[in-house]
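Participant: Mind having a look at this structure? Questions to follow.
Read-outs throughout are calculated quantities, based only on the coordinates presented, and are distinct from any laboratory measurement. Keep in mind it's a predicted model, so treat the numbers as computed, not measured. Cβ atoms come from the backbone with ideal geometry, glycine included; neighbour counts cover every protein chain shown.
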Amino acid sequence: MGPTKLQDALSYPPRLLRAPRAAAYLGMGTSTFLRMVDEGVLPKPKHIKGVTAWDRFALDAYVDSIDDDANTVERILRGG
């Protein structure tokens, strides 16, 4: 009997996102996303064997923590 391949019919969203996908996930451009990470506004990435990626759950937690006031969201996206 040969090796079996694990398969199922489910679709899994990625848990870790590289910068362009993480930025798109949050609805912003990559340069804005990286600037906000550098400023400490957004979560820091994980580093796994030379791969830099952001945990989708950490990004979700950040968004959940934002005040629902539209002005707050706009100010955060402007970086101020």
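Participant: For Lys46, what charge total do you get from the other residues with a beta carbon under 12 Å from its beta carbon, if Lys and Arg give +1 and Asp and Glu give -1?
Facilitator: Values: positive: Arg15, Arg18, Lys44, Lys49, Arg56; negative: Asp55.
Charge balance near Lys46 sits at +4.
Participant: Oh, and also: Can you give me the long-range amide H partners of Lys46? Hydrogens built in the peptide plane at 1.01 Å from N, cutoff under 5 Å, separation of 5 or more residues or another chain.
Facilitator: Ala53, Trp54, Asp55
Participant: Multiply the residue separation of Thr30 and Ile66 by 0.36 nm, subtract the distance between their alpha-carbon atoms, and state the gained length in nm to one decimal.
Facilitator: Details: separation 36, 0.36 × 36 = 12.96 nm, distance 1.99 nm.
Difference between extended and current length: 11.0 nm.
Participant: What does the highest-first list of 56-63, 17-24 look like by mean Cβ count within 10 Å?
Facilitator: 17-24, 56-63
Participant: Given Cβ point charges of +1 (Lys, Arg) and -1 (Asp, Glu) and nothing else, what value in debye, to the nearest 20, does the dipole of segment 16-71 about its Cα centre take? All intermediate terms of the calculation are to be shown ahead of the outcome.
Facilitator: Working: 7 positive and 8 negative charges, 117 e Å.
Its charge dipole is roughly 560 debye.
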